[in-house]
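A quick write-up on the structure given underneath.
The values are calculated or read from the model by the stated rules, or taken from the named source; none is laboratory data. As the structure is a computational prediction, the values presented were derived from the model and not from experiment. Please note: Cβ atoms are built from the backbone with ideal geometry, for glycine as well, and neighbour counts cover all protein chains shown. For the accessible areas, the whole protein counts, side chains as well, though only heavy atoms, and no ligand, DNA or RNA atoms are used. Shrake-Rupley method; radii C 1.70, N 1.55, O 1.52, S 1.80 Å.
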Amino acid sequence: MNDVVICLLSPASFDRAAQGLAGAGRRLAEELGSQLKAIVLSPQSPAIAAEVAQVIDKVIVVDQGEYQPESALSALADVCRQLSPVAVLFGNDTYSQEVTPRLAYRLDGAAVGDVVEVTVHQQALRVSRQVYGGKAQATIELKRTPAVLWTRSRSFAPAPRLSEPGEITELSLDIPADIRTRIVERKRESQSEQRLEEARVIVSGGRGIGGPEPFNDELKPLAELMGAQLAASRAACDAGWVPPTFQVGQTGKKVTPDLYLAIAITGASQHMAGISEAKNIAAINTDPDAPIFKHCRFGIVEDYRKVVPLLRQKLIALQNSQR
Amino acid sequence: MNILVCLKQILDPEIPAREFRVDPARREAERGNANLVTNVFCENALETALQFRETLGDAKITVLSFGAATAEDSLRKALAMKADAAALVINDKTPNPDPLTVAQVLAAAIHKLGSFDLVIVGREAGDWGAGQTAGLLAEELKIPCVSFVDRIEAMNGGLRFKRQTDSGWEVLEAQTPVVVSITNDEHNVPRIPKVRDVMMSYRQPLTQWTLSDLGYEIEDDKYYQVVDLSIPQKESRCEFVTGDTLDERVESLARRITEVTSAL
């Protein structure tokens with residue numbers, strides 16, 4: 001058997017990231033001439049499986065209750081052993097990142113994270129990822145099967161719909177409760193229900209913003225006006241101006257918006273590593289030599305304090321004129 | 001409580017991109033003039049351990065590294081930050097061992113060092129950034145793992161962790177022994193050691209082992225193999241918005257933003 005399997009952990013919806021994951025899985029399955037299967041671990045709504053089945057040949061729904069690290073891992077290992085896939089693909093959410101190396105270990109496979117490309121080279125799987133904080137790109141050939149990968153899933157094109165939806169199977173597993181670790185509290189801190197990784201437009205502030213107030217008084221209203229999510233560089237998060245969940249970069253979120261507006265962000269490679277798959281980058285920065293401009297489609301060299309209030313007025317005027 | 005913190009020495013990730021070179025044949029970064037530093041998440045990990053020890057009063061922190069002989073500097077710095085003991089497994093075999101090899105070597109060293117209630121590692125390294133050490137080490141040690149932790153507290157009969165997630169944070173309770181990976185937040189910025197402690201650290205004992213002391217033999221390319229390493233070429237095509245006044249330039253910026261976002 002050489003199926004390709006995608007795994008969705010506690011999905012709240014079949015969002016763009018999950019669709020991209022299915023797309024990556026479908027292209028790999030076609031290249032290998034194999035089936036594409038999905039393991040959906042504890043979906044938050046029964047409708048999700050039906051949506052997944054529109055693009056996946058076989059959907060296996062396992063309801064294990066709320067995600068717990070040890071029992072989710074045991075459940076995934078159990079189902080994967082039955083399927084013996086050639087590749088198991090995940091998205092880039094927290095749970096997927098934590099589970100992949102351990103799942104690879106249990107299946108005698110090999111794991112790679114933050115994958116942006118998967119190819120087949122003389123029957124071996126090769127993946128690409130950024131290394132050295134985005135300064136270099138590595139191609140890695142996996143030497144064990146299965147390949148267990150977590151991917152920057154939103155950067156992949158979605159999978160085409162099947163003419164007939166795939167089969168949905170519900171599987172109940174006999175996994176004993178593992179009480180060695182237990183999540184006892186879950187707290188959302190984000191600005192909206194949408195994950196930053198899912199955002200189509202992002203307004204992001206850096207060290208040059210200078211404090212928490214401008215984030216609230218200047219950037220937040222701009223983001224709302226643009227229908228954007230607010231994000232920040234590591235420097236701004238470390239300074240405590242915004243919560244760590246806002247952080248974009250090598251050590252924060254890897255985002256893939258259609259527009260990333262970087263305000264007072266120099267664009268160190270560690271930051272760029274988080275936005276390399278963004279479709280368009282624009283910047284507002286006082287320094288014309290700031291590295292961020294090397295990655296921009298368009299930009300303005302000016303103090304953001306002068307630009308942002310005016311930009312809000314202009315955007316409102318444009319929005320009104322288009323109505 | 002016995003705490004073990006793993007540290008990795010890496011090429012300074014702060015070196016500017018224009019000075020960064022790779023050797024495509026060896027598939028390694030070139031050292032150039034760059035310093036070797038302790039990976040920052042490993043320092044966040046040590047800082048979290050030090051703060052946790054302060055709340056406990058009675059705990060021993062051992063630092064462990066698997067790397068080149070120069071990694072001794074990272075361990076000396078950790079001693080200066082007030083870790084209690086240090087051990088280095090010298091890797092004279094391969095400059096970039098795969099994640100499984102790293103986990104197996106660390107596990108072998110941990111067994112030789114004794115038993116630990118808590119094993120702490122950084123969430124990923126600033127060089128290869130595989131982010132697999134915590135998970136694979138937990139599997140090698142056959143104990144559970146908690147990722148992306150930024151705070152550790154003691155509770156009755158176990159530990160309580162706060163960890164960062166996509167959308168916020170979670171609290172986990174765990175029995176020991178357990179492996180955790182540490183991420184950064186405003187509370188675990190690594191402390192700067194005192195000059196006197198830096199000097200003292202060079203007089204402290206430091207255990208050094210070779211791979212054969214651990215009875216471990218590295219097998220190349222058993223997990224994965226890096227087949228290409230290159231620097232992506234980015235063409236700079238930034239269009240700076242034009243206009244005679246700030247008002248006109250911002251107007252043009254607003255138009256460009258609207259074009260891009262309404263085309264979605």
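Could you work out what % of the accessible surface of the stretch B:20-164 is carbon and sulfur, using a 1.4 angstrom probe and leaving DNA, RNA and ligands out of the count? It would help to have the intermediate numbers written out before the result.
On the way: 2310 of 5220 Å².
Of all accessible area on the stretch B:20-164, carbon and sulfur atoms account for 44 percent.
Taking A:Lys306 as the anchor, which aspartates and glutamates have their alpha carbon closer than 16 Å to its alpha carbon, excluding any fewer than eight residues away along the same chain?
Qualifying aspartates and glutamates at Cα under 16 Å: A:Glu213, A:Asp217, A:Glu218, A:Asp287, B:Asp244, B:Asp247, B:Glu248, B:Glu251.
Normalised by the empirical 2.2 N^0.38 Å for globular proteins, what value does the Cα Rg of the protein assembly as shown take?
Working: Rg = 24.0 Å, N = 587, 2.2 N^0.38 = 24.8 Å.
Here the Cα radius of gyration is 0.97 times the empirical estimate.
Roughly how many nanometres apart are two label points built 7 Å out from the Cα toward the Cβ at B:His187 and A:Glu31?
So the two model labels end up 4.4 nm from each other.
Separation of the stretch A:251-298 and the stretch A:116-139 by C-alpha centroid, Å?
Their Cα centres are 22 Å away from one another.
Could you work out, for the stretch A:240-298, what percent of all Cα-Cα pairs fall into each 5 Å distance bin, beginning at 0 Å and stopping at the bin that holds the largest distance?
Each 5 Å bin holds this share of Cα pairs: 4, 20, 30, 27, 14, 4.
On the accessible surface of the stretch B:165-264, probed at 1.4 Å, how many percent belong to carbon and sulfur atoms? Write down the numbers at each step before the final one.
Values: 2750 of 5710 Å².
Answer for the stretch B:165-264 is 48 percent, counting heavy atoms of protein chains only.
Working only with C-alpha atoms, what are the Rg and Dmax values of chain B, expressed in angstrom?
Over chain B's Cα set, Rg and Dmax evaluate to 22.0, 72 Å.
How big is the charge dipole of the stretch A:261-306 about its Cα centre, in debye rounded to the nearest 20, if each Lys and Arg gets +1 on its Cβ and each Asp and Glu gets -1 on its Cβ? Working shown, then result.
Values: 5 positive and 5 negative charges, 30 e Å.
Using Cβ point charges on Lys, Arg, Asp and Glu, the stretch A:261-306 gives about 140 debye.
Among the aspartates and glutamates, select those whose C-alpha is under 12 Å from the C-alpha of B:Lys8, and discard any that sit fewer than 8 residues away in the same chain.
Correct list for B:Lys8: B:Glu43, B:Glu72, B:Asp73, B:Glu124, B:Asp127.
Are there GluC sites (Glu not before Pro) in the stretch B:136-205 that DSSP marks as loop and that have at most 14 other Cβ atoms within 10 Å, and which are they? Don't jump to the answer; show the numbers that get you there.
Working: sites: B:Glu139, B:Glu140, B:Glu153, B:Glu170, B:Glu173, B:Glu186; in loops: B:Glu186.
Passing both the DSSP loop test and the Cβ count: B:Glu186.
Beyond 18 Å between alpha-carbons counts as too far, so tell me which of B:Lys112/B:Lys222; B:Lys60/B:Lys112; B:Lys82/B:Lys142; A:Lys253/A:Lys279 fall in that bin. Could the numbers behind the result be given before it?
Details: B:Lys112/B:Lys222 24 Å; B:Lys60/B:Lys112 16 Å; B:Lys82/B:Lys142 29 Å; A:Lys253/A:Lys279 16 Å.
In this structure, B:Lys112/B:Lys222; B:Lys82/B:Lys142 exceed 18 Å between Cα atoms.
If the viscosity is 1.002 mPa s and the temperature 20 °C, what Stokes-Einstein diffusion coefficient in µm²/s follows for the stretch B:1-62 when Rh is the Kirkwood radius over Cα pairs? Working shown, then result.
Values: Rh = 13.9 Å.
Answer from the Stokes-Einstein relation: 154 µm²/s.
Regarding the stretch A:1-144, what's the average projected area of the Cα-atom convex hull, expressed in nm²?
On the way: hull surface 33.3 nm².
Computed as one quarter of the Cα hull surface, the answer is 8.3 nm².
From the backbone phi of the stretch A:267-278, what are the Karplus-calculated ³J(HN,Hα) couplings (6.51 cos²θ - 1.76 cosθ + 1.60, θ = phi - 60°) in whole Hz, Gly and Pro given as x?
Karplus-based 3J(HN,Hα) across the stretch A:267-278 equals x, 4, 4, 4, 6, 4, 4, x, 10, 5, 9, 5 Hz.
Using the Cα centre of the stretch A:171-222 as origin and beta-carbon charges of +1 (Lys, Arg) and -1 (Asp, Glu), tell me which of A:Ile202, A:Asn216, A:Pro176 is placed farthest towards the positive end of the dipole.
Highest projection toward the positive end goes to A:Pro176.
What percent do you get for the relative contact order of chain A when only Cα pairs under 8 Å and 6+ apart count? Before the final figure, lay out the partial values.
On the way: 694 pairs, mean separation 48.8, N = 323.
This gives 15 percent for chain A.
Where only protein heavy atoms count, and the probe is 1.4 Å, what is the accessible area per residue for chain A in Å²?
Values: 12300 Å² over 323 residues.
I get 38 Å² per residue for this part.
Take the Cα gyration tensor of chain A, multiply each eigenvalue by 5, square-root it, and list the three semi-axes largest first, rounded to whole angstrom. Could you put the intermediate results ahead of the total?
Working: eigenvalues 283, 86, 74 Å².
Its equivalent ellipsoid spans semi-axes of 38, 21, 19 Å.
What does the average come to when, for each residue of peptide B:97-104, you count the partner chain Cβ atoms lying within 10 Å of its Cβ?
Details: counts 0, 3, 7, 7, 0, 0, 2, 0.
Other-chain Cβ atoms within 10 Å of each residue's Cβ, averaged: 2.
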